[in-house]
Amino acid sequence: MDAPVLVEVTRGPQVESRHRGQIAVVDAGGNLSRHLGDPESSVCMRSLAKPFQALPVLTSGAAAAFGFGPPELALFSGSLSGQDFQVELVTRVLARLGLTPEALQCGAHPPLHRGAAQALVKAGVRPTALHHTCAGKHASMLTLCVHHGWPIADYLNPEHAVQQLIVRTVARMVGVPPEKIPVALDGCGAPVFYAPLQNIALGYARLAAAQPDSPAGNLMAAILAHPRLIGGDERLDTAVMEALPGRVFAKSGAEGGYALALMDEGLGVAVKIEDGHQRALNPTIVAILEQLGLLSPEDREALAAYGQPPILNHRKQEVGRIRPAFSLTE
């Protein structure tokens, strides 16, 4: 069955391109509230797994042992933009562990934040692992290794104790036995996991419904308090969380994945753009929030740049729009 069209790309008066995809909305009991397409389709979680991967830092006692509070917990759950305040926090975390940035095995790429990337070029400085979007996740894995006395040289090996702890935690959150979760390698070299779309939504619903004094509840409080550590400036994740403070945890993933934890509603939302194109995500997520009744007129204004972004040609003329083309309410 073909996935439904979620987004249309116009040029002039007509549609030039279409992006198909799947959406699942689930409550913490695993009940499918709404969906488009096949909610059982297998999706590689990529960075959607990051809050689940961060949970063992709390459940193991590592966060308390190293004095890591809400900023560090949010950092461990985010896909960073390589901005200075994020780089500085990763550096402080590593120093607390007695490690240097060379311990990070995520590789290096330019900061996702355009201004930060331009600043490095202007200064003649090459990006390092500290600028990697997954630097926070890797810092959390190193935290667990140092806390437990596990070796750090091969911490990315899927058979390493830290990765086995993580896959069990991910499995528990998404409601799939660990032996039923296919494992691959992410862009940063860490193991990454496949799960049905509705189970990814279930994991985010469980985050939304977590009790305040539980590990997941403490993690969510940290995440919601520090939206700039989940994405960064000019990123939809952070923009949504700042527009709807305390109400939504928004998390992007590579290859067209996205998830939301809707706190007041106790719902999780998972999205997969079938062709993996990131440009379809922003209009899709804003439309979901709108159709689920979460946006006030002020919220719509705050997120307007993401809802139907214009397409500009090389002369900066608007030649089309990227617009949502689905309904969750029918």
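Among the conditions (1) out of contact with any helix residue (DSSP H, G or I) (no Cβ under 8 Å at 6 or more places or on another chain); (2) within 20 Å of residue 257 (Cα to Cα); (3) assigned to a helix (DSSP H, G or I), the only one that residue 223 does not satisfy is (1). In the set (1) surrounded by 16 or more Cβ atoms within 10 Å (Cβ to Cβ); (2) within 20 Å of the chain's Cα centre (by Cα), residue 99 fails one condition alone, (2).
Taking the criterion of being in contact with a Ser or Thr (Cβ under 7 Å, 6 or more places away or on another chain) and touching a residue at least 40 places away in the same chain (Cβ under 8 Å), the residues of the range 111-133 that qualify are 112, 113, 130, 133.
Name the single residue that is surrounded by the fewest Cβ atoms within 10 Å (Cβ to Cβ) among those in the range 274-298 being of a type outside the set (A, V, I, L, M), out of contact with any Phe, Trp or Tyr (no Cβ under 8 Å at 6 or more places or on another chain) and under 15 Å from residue 327 (Cα atoms). Before you say what the answer is, go through the steps one by one.
Residues of the range 274-298 of a type outside the set (A, V, I, L, M): 274-279, 282-284, 290-291, 293, 296-298.
Next cut, out of contact with any Phe, Trp or Tyr (no Cβ under 8 Å at 6 or more places or on another chain) only: 274-279, 290-291, 293, 296-298.
Subset that is under 15 Å from residue 327 (Cα atoms): 290-291, 293.
Values: 290: 16, 291: 17, 293: 9.
Step by step, filter the range 274-298, then rank; the result is 293.
Only a single criterion out of (1) within 14 Å of residue 76 (Cβ to Cβ); (2) assigned to a helix (DSSP H, G or I); (3) touching a Lys or Arg at 6+ places or on another chain (Cβ under 8 Å) is not satisfied by residue 218, namely (3). Scanning the range 73-101 for residues that are in contact with an Asp or Glu (Cβ under 9 Å, 6 or more places away or on another chain), within 22 Å of residue 55 (Cα to Cα) and not in a helix (DSSP H, G or I) returns 78, 79, 81. What's the total number of residues in the range 180-195 that are more than 17 Å from residue 129 (Cα to Cα), touching a residue at least 60 places away in the same chain (Cβ under 8 Å) and outside any strand (DSSP E or B)? Qualifying residue count for the region: 1.
In the set 319, 271, 240, only one residue is over 17 Å from residue 227 (Cβ atoms), buried (at least 24 other Cβ atoms within 10 Å of the Cβ) and in contact (Cβ under 8 Å) with a residue 12 or more places away in the chain; that residue is 271. Screening residue 116 with (1) within 23 Å of residue 185 (Cα to Cα); (2) surrounded by 17 or more Cβ atoms within 10 Å (Cβ to Cβ) gives one miss only, at (1).
Condition check ((1) under 30 Å from residue 135 (Cα atoms); (2) modelled with pLDDT of 95 or more; (3) crowded, with 21+ Cβ neighbours inside 10 Å) across all residues:
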residue	(1), (2), (3)
9	no, yes, no
15	no, yes, no
25	yes, yes, yes
54	yes, yes, yes
59	yes, yes, no
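Residue 261 falls short on exactly one of the conditions (1) surrounded by fewer than 20 Cβ atoms within 10 Å (Cβ to Cβ); (2) of a type outside the set (Val, Ile, Thr); (3) not in a helix (DSSP H, G or I), and that condition is (1).
Report yes if some residue within the range 168-176 is buried (at least 19 other Cβ atoms within 10 Å of the Cβ) and farther than 17 Å from residue 144 by Cβ; otherwise report no. Yes, the range 168-176 contains a residue that is buried (at least 19 other Cβ atoms within 10 Å of the Cβ) and farther than 17 Å from residue 144 by Cβ.
Each row is one residue, and each column tells you yes or no for (1) in contact with a strand residue (DSSP E or B) (Cβ under 7 Å, 6 or more places away or on another chain); (2) more than 20 Å from residue 253 (Cα to Cα); (3) at pLDDT 95 or above.
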{"site": "101", "(1), (2), (3)": "no, yes, yes"}
{"site": "105", "(1), (2), (3)": "no, no, yes"}
{"site": "109", "(1), (2), (3)": "no, no, yes"}
{"site": "133", "(1), (2), (3)": "no, no, yes"}
{"site": "157", "(1), (2), (3)": "no, yes, yes"}
{"site": "163", "(1), (2), (3)": "yes, no, yes"}
{"site": "170", "(1), (2), (3)": "yes, no, yes"}
{"site": "191", "(1), (2), (3)": "yes, no, yes"}
{"site": "205", "(1), (2), (3)": "yes, no, yes"}
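Scan the range 284-309 for residues that are touching a Ser or Thr at 6+ places or on another chain (Cβ under 9 Å) and outside any helix (DSSP H, G or I) and jot them down. Across the range 284-309, the qualifying residue is only 292.
The values are calculated or read from the model by the stated rules, or taken from the named source; none is laboratory data. None of the values given here were measured: they were computed from a predicted structure. Here the Cβ is made from the backbone with ideal geometry for all residues, glycine too, and neighbour counts use every protein chain on show.
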